[in-house]
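Asks: Below you will find the structure I want to go over with you.
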Amino acid sequence: MPLPSQLSVLERDAAGARALLPALWVALVALNLGLQRAGELTARAGAAGEAEACEPRPRTRHRWHGSPLRRALTCSLGLGLPALAAAAALAERGPYLLLAGGVVVYELATATLRLSLLLQLRLFAALRRRTTAPRFAPVAGAISIGGQLWGRRLLTLSFITLCGLGMTGSPTLLGGSLLLAAAGGWALAPWRRHGPAMGQAEPPTAPATHHD
Amino acid sequence: MTEAAGALGGLLFPFAWLAVIVIRFAVLASQLRGLARTRGRLGAALADEAGQPGLARARGRPPSSGFSAAWTRLGRLFLLRLLAGALAILLGRWLHVFPQLAGGLLINELVRLAITLRDSRHRPRQLSSAPLAPVDRRRVSLLAASGALELASLALFLLALAGLAGSWPIACGALFLGAESALHLTLARRALQASRTQIAPTS
């Protein structure tokens, strides 16, 4: 069983981690933007307006304007660049892995989420074209990165990363779990403050998961 | 020291797995109980509205036929998972990969628990208002297919985490999750194909 003393080649080799992690982060940011764009296009083609209509953002003091794509880019760069700069400034291996590895895990998790949502959207859209399949508004709503479903899914991924941390003791997973929890909490914060009172915090149907 | 800690971790994994599986099925059972209660109330209210005294007498009591089948299915799934897990652990002991397989089972069950807890707040209330029509069965199949796709993407995520942290138990968990997702997807596809033949497509 791998223990903190038996970490991966990447984590043992500090020079390898320094070279590989930023490159991996750039690749994952590009992948995320592509997936976000594909998800938006699918949601728009499947049901015009549903993506926005099912999860209206509650009024907050700091409204964040712009398209979901721009929000995704701002989020990735705003989180990743300072973390990578701080990691580069640190000479020690542990904090470097915590910060640089953390943003890589965060991008990996959001790419997973977007891929999952894209696949679900395509499934619902394909079936809807042929028959009277149910609306896929909840999935379309989760495409919006400030959405409630997005926040809840991020927290789930943070929990999964935390379980991985418990098994491996890896600083990379610790950083990723913390960042995911912070991002999930941030996405849910407006809903906690305003959502229930407005009566529109919940999407019209259940999130798209139903198996045993 | 490291070997002793590894052996202890390997011994603890099956017990942790057992605890997680019991917690998950307890959550599922509580959801089902809530759903049965809501359905019972809904059925009684509808009967009152329709002026059917025979049905109205059932006020407050959950309809038994549909839910007894659901309870049986839940119990069967629980036993099936226990059996499959026990077999995997025995196989791991035989092949000398016990900590990896037991850890994989644990992380797989933890992922399933996380998804169950995430969805537990929404499901009963929303399913309770859905009519029990053929369309409903197709809806459930669709949601199952959608959930299987989510499991597949989570398996990919776990595999990437295993690569980053260099952990075999997480990689085994990803494989288990991937296999489960493929099974769910196959079953959902079959159910969808069966339901599609019952419902005519719209123009």
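Asks: What list do you get for B:F13, B:F98 if you sort them by fewest beta carbons within 10 Å?
Replies: Details: B:F13 25, B:F98 21.
Lowest to highest Cβ neighbour count: B:F98, B:F13.
Asks: A further question follows. Report the local net charge at A:L117: Lys and Arg +1, Asp and Glu -1, summed over other residues whose C-beta lies under 9 Å from its C-beta. Please list the in-between numbers first.
Replies: On the way: positive: A:R114, A:R153; negative: B:E150.
After counting each charged neighbour, the total is +1.
Asks: Could you put A:S170, B:S141 in order, starting from the residue whose Cβ has the fewest other Cβ atoms within 10 Å?
Replies: Details: A:S170 28, B:S141 22.
Ascending number of Cβ neighbours within 10 Å: B:S141, A:S170.
Asks: Enter the mean number of other protein chain beta carbons within 10 Å of the beta carbon of each residue in B:153-159, as an integer.
Replies: Details: counts 10, 7, 1, 5, 12, 5, 0.
That average works out to 6.
Asks: Here is a follow-up. Enter the mean number of other protein chain beta carbons within 10 Å of the beta carbon of each residue in A:111-120, as an integer.
Replies: Working: counts 4, 9, 4, 1, 6, 10, 4, 2, 7, 9.
Other-chain Cβ atoms within 10 Å of each residue's Cβ, averaged: 6.
FYI, it's all coordinate maths here, none of it is from the lab. What you see is a predicted model, and the numbers here were worked out from it, not measured in a lab. All Cβ positions, glycine included, derive from the backbone under ideal geometry; neighbour counts span all protein chains shown.
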